[in-house]
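Heads up: the structure comes next, in structure tokens.
The values are calculated or read from the model by the stated rules, or taken from the named source; none is laboratory data. Note that this is a predicted model, so its numbers are computed, not measured. In this analysis, Cβ positions are derived from the backbone assuming ideal geometry, glycine residues included, and neighbour counts consider all displayed protein chains. What goes into the accessible areas is simple: the full protein's heavy atoms, side chains included, and nothing from ligands, DNA or RNA. Shrake-Rupley method; radii C 1.70, N 1.55, O 1.52, S 1.80 Å.
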Amino acid sequence: MTDFDPNSIEHDVRKKLDTGIILELMGMTSGGEVKENILNVMVVYTGDINALKAVGLQVGVDAQGVVSGKIVLDKVIDLARLEIVEKIDLSYPIKTELDGSVPAVQADQVHNMDPSLTGEGIIVGIIDTGIDFMHKSFRDDDGKTRILRIWDQSLTAQSEESAPSEISGASGVEYTSDDIDFTIDTNEGGTSSVSGTTVRHRDSNSNGDPSGHGTHVAGIAAGDGSQPGNCRGGDTYVGLAPKADIIVVKASNTSGIADAVSYIFAVADTTPCVINISLGSNFDGGAIGSHDGTRADEQRIDNELGGTEGRAVVKSAGNSANDKRHASVTVAANDSESWTFTVPAGDTDANSMGIWYSGAGRLDFSLTDRNGNTEGPVSPGNTLTLNFPDGTNVVVNSQLNRPPGQDVFGDPRNMHSVDIRMLPPGSGNILAGNWEIELEETSGNETDVHCWIGDTGDKVPFFVEADRDKSTTLTMPGTGANIITVAAYNHESGDIADFSSRGPTIDGRQKPDITAPGIAIAAPKILESGGICSDCCYSFYIDKRGTSMAAPHVTGTVALMLQKNSEISFRLIRRFLENGAKIPSGLSDSDMPSPVWGKGILNSLNAVTETISPPGGGGGGGGGGGGPSAPILESPVYAMSGLFNWPYTDFKKALHLLNVRLNESKKGVLLSALISIHFDEIFHLISTNKRVATIWQRCMGPSFVQYLLRTAQNPNTKLPKNLSTRDVRKGFDRFFEVLKKYGSESLKSDITRHASFVCSLVGNRLSSLNLQD
């Protein structure tokens, strides 16, 4: 330890630093990515990036205000003191999270459509532990690799090797398809028709031991099953998108994942691309992330997707539901609550816990060991070390108003945290047994509180049964707003996987988004080379379980959807997936969305059928155009049906009926004309502009449109004044203001002239339009 006192830093500066950085400043091990006092960080900022460089940040990838980079430890405070810096996150380690499951989601029927959809022309990105590029499931019909690139972040470049040029300041080694084909030819004893560098990449874990996780995930998403094995012939274990091209990144930490997303999209360029992330963690470099989508890597991935078409990112929900590492409680005003957690015997690791809460409440933290010794309280805004009699030291960093100060939609939201780091004594073992956390509310405000325990070693503390909470256990970056998060179920029994992490996020957003098969999934296995017997005698495939296996089912499905229409946004991709989902047995529509199942069980055939065909063509799977020639029934209608969560056929009929009703009066004709003129532009703004989409959702726009369409069936039904306790008219006033900010001059002009008329519908009947003529 050093003599550094965290409280000597100004509070407005200290709250920008995550606890891992503070621990490093104190001379303690954070568990983050630190080598020779150089921190691997992600910085959220606004302004000129040159100011960051001026204080010593070695800049990596900059994605709209979230930049990865490296900085010397003694310069990090100078970086945090810059006004343009909002927060600095230390990068942290990550953890890993078909023959029956492909028919279960009806993807085989998509493969057999006329014309067939197999992912051809689409790129599937895999961010994982790597890939066994020798496996024949990743080759085309000519025996050439379908893997376009491999970026191994764990390797150090040797002669004739280099890091990718697409990522500024990148480390590791990049291999091309020529390198892969050259190595395959060499290893299989042939003469290669291409020249290249021998590929040293292996699918392995952080210790260098063989893993197979990434190979298995890639096989589910994009393996073609051509390799016989497991006493089965070829074309048995076929993945979801067997003709897709593949880009693989072997990542080892959070900034590495964010860089990998940027890299894959950069290499893909204009080619449609979906990325699978079956890695994640709750651990945040000495702290535990807030599970609200505002961590730096989540912000970066969200930024990469904003305003784009033909791109999506899919993330496994995590396998933490049964880990007993989450607890929640509501602390009454001026009252206290407690949690009990158990330290297992022989725990020699530094343990991390993170407490998060929001609003006006203020919490004092105290900790009691198994022998009844209590240390604390630690009040908000302070960082203290609690010293227990057995020699265990506990660093407590309690901070108010943690950056960014807003939620994923950009609305103000103040989050507060208490980060706890338990350090073992000189004897090596933290005192085993039950410890108690006490939280006392001191400001007179009822406060909802969450706590997570980080998975930081072989023996990890856990909450007692009475305090554990299965909900809100999603691993990050799966709580990001623009990421499609996938839970796991047993496709044979129909039951949810007991380990599958649950939602929602702590800011109340519904996650996971959808559920897919994740138990007993057969897919490619690493390091099997066959022998003197037929290949079918060897185990080229292996069963695995986890949400890691569920996510690539969705990733492969998205590839099929993109083959049908490469112009759809990630929002529409998610909506079409959800619209096509099946309700789990024993549940009903009213139970959806669920914090366990999301919108339901993946059905690839339904999702592809829901997907709108591109304008002017049927796409790979035929398409959803047509309908009455009413002025408001144009090409975006199918997409809008997804946006409003209506089946296409029902939406089309309701929209046609609404048009008929409107044309019964002069005022109705005006409204119909306004919709017809501005429909495409408003839809585009909702689909591509984060701020417009946020206000649209906040003003309950989709729900209001559903009411409007339903009242077309009964024009004497009043449109609601309030939805979910929100004032609809005030919401639309706000929506019109944001449209005036981002819309065309024509849209601005019509809003100025006609907004009051449109808002007059709120609380009235469609039939009242006849009285206004």
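Here are some notes:
- Between ARG765 and GLU737, the FRET efficiency estimated from the beta carbon spacing at R0 = 22 angstrom works out to 0.25.
- Working note: 222 nm ellipticity from helices only, DSSP H runs with n ≥ 4, each -39,500 (n - 2.57), summed and divided by the residues of the chain, gives -8000 deg cm²/dmol to the nearest 500.
- Rounded to the nearest 20 debye, the dipole magnitude of the chain is 2940 debye, with +1 charges on Lys and Arg beta carbons, -1 on Asp and Glu beta carbons, and the Cα centre as origin.
- Surface exposure of the range 331-453, expressed per residue as accessible area with a 1.4 Å probe, stands at 35 Å².
- Cα pair distances exceeding 22 angstrom across the range 11-90, given as percent: 14
- Couplings 3J(HN,Hα) for the range 385-400, derived from phi with the Karplus relation 6.51 cos²θ - 1.76 cosθ + 1.60 (θ = phi - 60°), are 9, 8, 10, 9, x, 7, x, 5, 10, 10, 8, 10, 10, 9, 10, 9 Hz, where x marks Gly and Pro.
- Positive-pole candidate from VAL608, PHE499, ILE180, dipole of the chain, charges at beta carbon: VAL608
- Our coupling estimate for the range 545-551, obtained by passing each phi through the Karplus curve with A = 6.51, B = -1.76, C = 1.60 and θ = phi - 60°, is 9, x, 5, 4, 7, 6, 4 Hz, Gly and Pro reported as x.
- Sequence-distant aspartates and glutamates (8 or more away, or on other chains) whose Cα lies within less than 15 Å of LYS243: ASP108, GLU120, ASP140, ASP141, ASP142, ASP224, ASP235
- Values [x] 37.2; [y] 31.3; [z] 27.6 are given for comparison; Kirkwood radius over Cα pairs in Å, derived from the coordinates here, is the one labelled [z].
- Globularity ratio of the range 266-370, using Cα Rg and 2.2 N^0.38 Å: 1.48
- Counting only protein chain heavy atoms and rolling a 1.4 Å probe, the accessible areas of MET113, MET415 rank, largest first, as MET113, MET415.
- Within the straight-line cut-off of under 29 Å between alpha carbons, the lysines reachable from LYS667 are LYS652, LYS653, LYS718, LYS721, LYS730, LYS740, LYS741, LYS748, sequence neighbours fewer than 8 places apart in one chain being disregarded.
- Overall shape of the range 331-453 was characterised from the C-alpha gyration tensor. The equivalent ellipsoid obtained from it has semi-axes of 28, 15, 12 Å, in decreasing order.
- For GLU86, solvent-accessible area (1.4 Å; no DNA, RNA or ligand), Å²: 60
- For the range 11-90, the solvent-accessible area with a 1.4 angstrom probe is 39 square angstrom per residue.
- Cross-link pairs LYS470/LYS511; LYS35/LYS324; LYS70/LYS250; LYS35/LYS250; LYS16/LYS70; LYS70/LYS324 - those with Cα-Cα distance over 25 Å: LYS35/LYS324; LYS70/LYS324
- Share of carbon and sulfur in the accessible area of the chain stands at 45%, probe radius 1.4 Å.
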